[in-house]
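The structure appears right after this line, and notes come after that.
The values are calculated or read from the model by the stated rules, or taken from the named source; none is laboratory data. Source: prediction; values computed, not measured. Heads up, the Cβs are rebuilt from the backbone with ideal geometry, glycines too, and the neighbour counts pull from every protein chain shown.
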Amino acid sequence: MSKRDNDLRIRPGRIRDRGARGQKARSFVGQVMCTAKKAGHTGYRFDGAKHNGRGKSRFGRGRFVGVARGLSRTQRRVSIKARIVRHRGARYRSAPLAKRIDYLKRDGVTRDGRDAAMSNRDGNAADERAFASACEDDRHHFRFIISPEDAGSMDDVRAFTRDLMDQAERDLGTQLDWIAVDHWNTDNPHIHVLIRDRADDGKDLVISRDYISRGFRARA
């Protein structure tokens, strides 16, 4: 062995990402965000970074970032399912709205065994046929299923629904054309709400994703 062989010196360097060429090393938060997006997460970014220099998404009415400031601490747990139903185009897969209303009014869904009836913003019996007819030329309509954990002990579920929709109108900045019916045929009483795709200015009603996924449930 020569003297030169004994001159070996190990100099540790920086640990580098061995991923795809040109890909920057990701922080832990970045890796979590990537995994969350693959799983379908569409909420706020954890790092609060801006998108295209304009901040968080401002598309649609009722952005939750503005609504959240006025929310009190949650007093009840509420499950909400939401769906936007298109009336035409390649993504149209649903039955006509009139058939959906007939299904919601089927026998055996009421608390007292009486025939189911849709109600409106005034607390009166709604004209379901007129509502369905008015929606025909709209681009879409909204379907919500609202299930408060204490629905069974509420004195007036319809009053709760009207209060919730009144608050939604304030959050969205427009009067809403809606009808609703409460169902008692499961272990968890719930309310079906149908909302027309029309704001009070005559334009399409576009509701922010944040409000649909978070704001509406938080108000309930």
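Below is a table of values for the structure above.
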item: Residues of segment 182-220 that turn out to be in a strand (DSSP E or B) and either within 17 Å of the chain's Cα centre (by Cα) or of a type in the set (Ser, Thr, Tyr) (or both), as a count; result: 8
item: Residue among Ala117, Ala151, Ala159 that alone is in contact (Cβ under 8 Å) with a residue 12 or more places away in the chain, closer than 21 Å to Arg83 by Cβ and among the aliphatic types (A, V, I, L, M); result: Ala151
item: Restricting segment 165-181 to residues that are in a helix (DSSP H, G or I) and either under 18 Å from Ala125 (Cα atoms) or at pLDDT 95 or above (or both), the residue that is nearest to the chain's Cα centre (by Cα); result: Met165
item: Some residue of segment 138-151 being among the aliphatic types (A, V, I, L, M), within 16 Å of Ile195 (Cβ to Cβ) and not in a loop (DSSP other than H, G, I, E, B); result: yes
item: Residues (of a type in the set (S, T, N, Q) and under 23 Å from the mean Cα position of the chain (by Cα)) located in segment 92-148; result: Ser94, Ser119, Asn120, Ser147
item: Qualifying positions in segment 107-131 - of a type outside the set (Gly, Ala, Ser), touching a Lys or Arg at 6+ places or on another chain (Cβ under 8 Å) and part of a loop (DSSP other than H, G, I, E, B); result: Asp115, Met118, Arg121
item: Filter pass, Ile101 being part of a strand (DSSP E or B), surrounded by 12 or more Cβ atoms within 10 Å (Cβ to Cβ) and assigned by TED's automatic domain parsing to the domain that holds Ser208; result: no
item: Condition check for Ile146: within 22 Å of Asp204 (Cα to Cα) and either of a type in the set (Asp, Glu) or at pLDDT 90 or above (or both); result: no
item: Qualifying residue in segment 197-216 (condition: surrounded by 16 or more Cβ atoms within 10 Å (Cβ to Cβ), within 19 Å of Pro96 (Cβ to Cβ) and in contact (Cβ under 8 Å) with a residue 24 or more places away in the chain); result: yes
